Structures are given as C-alpha cells and as structure tokens.
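A short worksheet on the structure shown next.
The values are calculated or read from the model by the stated rules, or taken from the named source; none is laboratory data. Computed from a prediction, not measured in an experiment: that's the story for all the values here. Here the Cβ is made from the backbone with ideal geometry for all residues, glycine too, and neighbour counts use every protein chain on show. Surface areas here come from the heavy atoms of the whole protein model, side chains and all, with no ligands, DNA or RNA. Shrake-Rupley method; radii C 1.70, N 1.55, O 1.52, S 1.80 Å.
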Amino acid sequence: MKTLDQIDFKNKRALIRVDFNVPLNEKFEVTDKTRIEAAKPSIDKILKDGGSVVLMSHLGRPKGKDKAFSLGHIAQTVSDVLGKQVNFVDDCIGKNPEEASKNLQPGEILLLENLRFYDEETAGDKAFAEKLAKHGDVYVNDAFGTAHRAHASTTIVAQFFNEKCFGDLLAKEIESLDKVLNSDKKPVTAIIGGAKVSSKITVIENILDKIDHLIIGGGMTYTFIKAQGGKIGNSLVEDDKQEIALEILAKAKKKNVEVHLPVDTLIADDFNNDAQTKTVKIDEIPAGWIGVDVGKKTIENFGKVIEESKIILWNGPLGVFEMSNFAFGTISLGKDIAKATKQGAFSLVGGGDSVAAVKKFHIEDEVSYVSTGGGAMLEMLEGKSLPGIEAIKK
Ligand code: AMP
C-alpha cells in the first residue's frame, strides 16, 4: 500500500482529494467539523515534510456554480482546525487557481472551489482531471467517502501523476477493513442490521467466508422470520426476498457460520415514538403491530456472542434507533461492542446508520474504528474493488 511516509514531500505540492462535504447551517457555518479534523493528520504530515498542500473537495450536490455550495464558506473553519492560514481560490480549474497553486511556497495551503461546480467532475472527464492535475506534483487521495466513485478528482486524475499515494485516513480505512476480513484472530462476528435485506444481501454473502458468527437485527429480521413461518404482524418485510433469506441461512450453515436471529422483539401499535409497546416472541407478532427493536432476551444473547468475539464488524442498527423509545437494542449493542473492545477485541463500525448511532450515543471513542464512508464501506464489504483505491495502486 502506497502511503504518505513513502514519499518525500520536500518542496513538492501535494494535491489532496479530501472529503470536506460537511453540513452547513442557514448561515453557512460548519455544524460538524469531523471530516475536516479527519483530514488534518495527512495535511500536517506533508507540511512538516516541507511540502505545500492544495485541497480539493466537493460540497453537496450543486446544480452549476451555485454559491450556496461554495467551499469558500468553510475556508475559515479549515484554517481554524489546521491552525494555519488557508487561502481559498474561487475556482478549481483555470488561470486563477493554476497561478495560485504554482506560487505556493512550502508550508502553504490552498483550498480550491467546489469540484462539483463542473459536471465533468462526476462524469469522470479526462480533460477536466488533467486540468486538476496541474495543481500538484504528487496526488494524495484521502477521501474514503467517494473512493467508490470513478470521478475526475477521485480516480481519473491519478493517471496524470507518477507519484501518488493514500492519505492517512484512507490508509486507515483500508487497514481496518483488512483487519476484519483477513484476520487470523477468531471468532469474527458480523452484526448486520438496518432496514432491508435487499441492500445487505451481497455484503452478507461476501462475508460468510470470513466470519464465525452472523448477528442479524433491524428491519430485515422480519423477512427472515416470515420466511421461516413466523408471524410478523405489520412489521417491515420484503416478501420477494424470503427465499434469499432462507438461502443465506442455508449457506451460513454450510460454511459453519453460526447465525443469531432475535428471539424476542419490542413491538409498537403504530410507527411513532409514543405508540403503545410490548415485548413478544419474535415469531408471534400480532396483526396490526410492528417490530421496532430487539427484545431484552435477544440483547442478552447477542451480548454473549460479542463478549467472546475478537473481531467485530457492525453495520446497521438493531431497531428504529432514531426514535428514543426504540433505541434500547442499538444502544445496548453499542455498549457491548465497546466493552468487548476494552477487553481487546478489534471493532469496526461502518456503513451509514450504525455510524450515526455510535455518534448519537457517544461511543465513537470506545470502538476501534468508525468508518467515514458509508457507500464505500458497503462496496468493500461486498467484495468490490473501489476505483479510487485501484487508481492509486496502478
Ligand atoms: P440501513 O440504512 O439499511 O442500515 O437502515 C437503517 C435504518 O433502518 C434506520 O433508519 C432504522 O430506523 C431502520 N430500522 C431499523 N430497524 C427497523 C425496524 N424494525 N423497522 C423499520 N425500520 C428499521
């Protein structure tokens, strides 16, 4: 793996693809700096080496050059986080930015305007990528969140550089996933939750060869239970995925993977936080009731598996955690994973909503690694090679 420490950045300009797609409020202030903070180690390292830095990112999904999506809004925050002056240039290609990047001195930082002001970015346009490439001597990709896209700045641009590498953040993502998928420590446990079986089938099928325990939770549970003949009331179900659910269970058995499904569930008489609730056996949900979280016995069962695990992958919540009365299962799971981590297990939380959950319940510092890329993480778990990663390896 090509990483920052393999390159001497002295007197070189590093063009870094970062992920500064941060949330802004109505005053265009950054409301969550996590992504900017995450890019700091790579930037610091290059500057310390005697190089200069050109930062490029997208922000939101602008239609054309819509100033509401200008990276100019975040320049001061980037500067505050880095503790250094950041010069912003109001375009990402053309005369002005080219001049600005050409004149960069060691230790200086330049932030380019939103890449997605040009449709060529997401189209992966080669001529556009070549123009971007003019800003640096070395290309560094540190944006895991977009590594699964063959965009100009994430993939195509790499072909114009002899020297290119992964930034610290992206390297850490790849290493963490490798620790989970190619571990020699056992047992390996994957917890797959979330809303639907359909969005996780490929992930589950791909990881069956790598794991010892598969814990299933969340909305997808009820498709498995119905497929096995259980009563699921009005719970979320994908009827056309029942057969696949049974196939997954059969495949797991063949590969000696122990599957742990919920044995009880919290049910609600309406899909809202103030609905009436009770706990019932997982396969005895009365008509009109909806499964919204796992029950206490299930949490106990899952806890025992997690306690014994050496490697833990968590993707997807166990219930409708956004509603406080249905969040208990997800919170308990997070605590169990944190406890196992303290006792020496390696835990990786990745993919969309489980990341939101660990943040919401403040356990992000108690797990080994929280992935920064939802879609990218899922694609890696599906066994796909990501264009942004391949482009650096080439
Ligand atoms: P995903 O993006 O597939 O990981 O799904 C995350 C979503 O699944 C969250 O918004 C949860 O509210 C939702 N979810 C979890 N459990 C259930 C459930 N029992 N019924 C409906 N939605 C659920």
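A few comments on the model shown:
- If you check Leu71, Leu104 for being within 25 Å of Thr34 (Cβ to Cβ) and of a type outside the set (Gly, Ala, Ser), only one passes: Leu71.
- Subset tally (residues that are under 19 Å from the mean Cα position of the chain (by Cα) and under 18 Å from His260 (Cβ atoms)) for region 334-348: 3
- Cβ-Cβ contacts under 9 Å between residues 6 or more apart (or on different chains), taken from a first residue in region 366-394 that is within 14 Å of Ala356 (Cα to Cα) and free of Cβ contacts under 8 Å to residues at least 40 places away in the same chain to a second residue that is part of a loop (DSSP other than H, G, I, E, B) and of a type outside the set (A, V, I, L, M), are listed as Val370/Gly350; Val370/Glu364.
- 1 or more residues open to solvent by less than 20 Å² (accessible area, probe 1.4 Å), under 30 Å from Leu348 (Cβ atoms) and modelled with pLDDT under 95: qualifying helices (runs of 4 or more DSSP H) within region 65-175: none
- Scan region 1-49 for residues that are touching a Gly at 6+ places or on another chain (Cβ under 7 Å) and acidic (Asp, Glu) and the total you get is 1.
- Any chance Lys10 is more than 22 Å from the chain's Cα centre (by Cα), open to solvent by 10 Å² or more (accessible area, probe 1.4 Å), outside the structural domain of Thr372 (by TED's automatic domain parsing) and basic (Lys, Arg): yes
- Set side by side, the residues Gly344, Gly288 differ, and just one is within 16 Å of the ligand (Cβ to nearest atom), farther than 20 Å from Ala195 by Cβ and in a loop (DSSP other than H, G, I, E, B), which is Gly288.
- Within region 307-337, the residues that satisfy the criterion of being open to solvent by 10 Å² or more (accessible area, probe 1.4 Å) and part of a helix (DSSP H, G or I) are Glu307, Glu308, Ser324, Asn325, Phe328, Ile331, Ser332, Lys335, Asp336.
- Residue among Gln242, Gln228 that is more than 12 Å from the ligand (Cβ to nearest atom), among the polar types (S, T, N, Q) and in contact (Cβ under 8 Å) with a residue 24 or more places away in the chain: Gln228
- Filter result for the condition that a residue is outside any loop (DSSP other than H, G, I, E, B), more than 25 Å from the chain's Cα centre (by Cα), among the basic types (Lys, Arg) and over 23 Å from Asp212 (Cα atoms), over Lys297, Lys304, Lys278: Lys278
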